1. At a Förster radius of 25 Å, what calculated FRET efficiency corresponds to the Cβ-Cβ distance of Tyr39 and Ala162, to the nearest 0.05?
2. Which aspartates and glutamates, if any, have their Cα less than 17 Å from the Cα of Lys163, not counting same-chain residues under 8 positions apart?
3. Shape of the stretch 32-161 from its Cα gyration tensor (a ≥ b ≥ c, root eigenvalues): rounded if a/c is under 1.5, otherwise prolate when a/b > b/c, or oblate?
4. Which ³J(HN,Hα) values in Hz, rounded to whole numbers, follow from the phi angles of the stretch 150-163 under the Karplus curve 6.51 cos²θ - 1.76 cosθ + 1.60, where θ = phi - 60° and Gly and Pro get x?
5. Set the Förster radius R0 to 35 Å, insert the Cβ-Cβ distance between Asn141 and His32 as r into 1/(1 + (r/R0)^6), and round the FRET efficiency to 0.05.
6. Say the dipole of the stretch 100-163 comes from +1 at the beta carbon of Lys and Arg and -1 at that of Asp and Glu; which of Asn141, Thr131, Thr103 then lies farthest toward its positive end?
7. Just want the ordering: Phe120, Phe80, Phe150, from fewest to most Cβ atoms lying within 10 Å of their own Cβ.
8. Using the Karplus equation 6.51 cos²θ - 1.76 cosθ + 1.60 (θ = phi - 60°), what ³J(HN,Hα) coupling, rounded to whole Hz, does each residue of the stretch 77-85 give in order, writing x for Gly and Pro?
Amino acid sequence: MKRGLLFPPSLVVWLAASIVVFATDLQAQVRHLTSQTLYVPAYSHIYYGDRERPMLLAVTLSVRNTDRNHPIVVESVEYFNSEGKRIREMIQGPLTLNPLSSTRFVIQESDTSGGSGACFILRWKSAKPVTEPIVETVMINTQSQLGISFTSQARVLQETIAK
């Protein structure tokens, strides 16, 4: 019985090159920053049904320092309504997040001041270059045995990339 190659050599070369490119892409995605200003969507309610009935949602803004060695400082967390009007500042002063720690800010389900187009503007900084924090909102509502939950990711408005 003649034994041949299981895969053609050209396929093996292509697969090897693809793995190298993929690994390089993953490394390129790890960014080191010293500050960011972020826009984070927050849906305090959504609409359902033909009559556009509102469903109130609790909103949790989660901020996670992903750096293993250095703290970040959350300088401000502002909450805005659907019309872009600032409703309130969520912190009284700078808040330090140690390496791998997190914090949260909650908008109660009964708080309708933000509307369906509410958002947070969050500013953070670090004295040393750090990996990009994870900043997202989690919206949730449970009624009877039914529930809804979804997340929104932060969008970068401004940042300082470490050199």
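Throughout, read-outs are computed from the coordinates displayed, never taken from laboratory work. Just so we're clear, the structure is a prediction, and the values are computed from it rather than from any experiment. Reconstructed Cβ throughout: ideal geometry from the backbone, glycine too, with neighbour counts over all protein chains shown.
1. With a Förster radius of 25 Å, E is 0.70.
2. Asp67, Glu132
3. Since a/c reaches 1.5 and a/b is larger than b/c, the shape of the stretch 32-161 is classed as prolate.
4. Those phi angles translate into 7, 10, 9, 8, 5, 10, 6, 9, 7, 7, 10, 8, 5, 9 Hz.
5. 0.40
6. The residue sitting most towards the positive pole is Thr131.
7. Starting with the residue having the fewest Cβ neighbours, the order is Phe150, Phe80, Phe120.
8. Along the stretch 77-85, the couplings run 9, 9, 10, 10, 8, 4, 8, x, 7 Hz.
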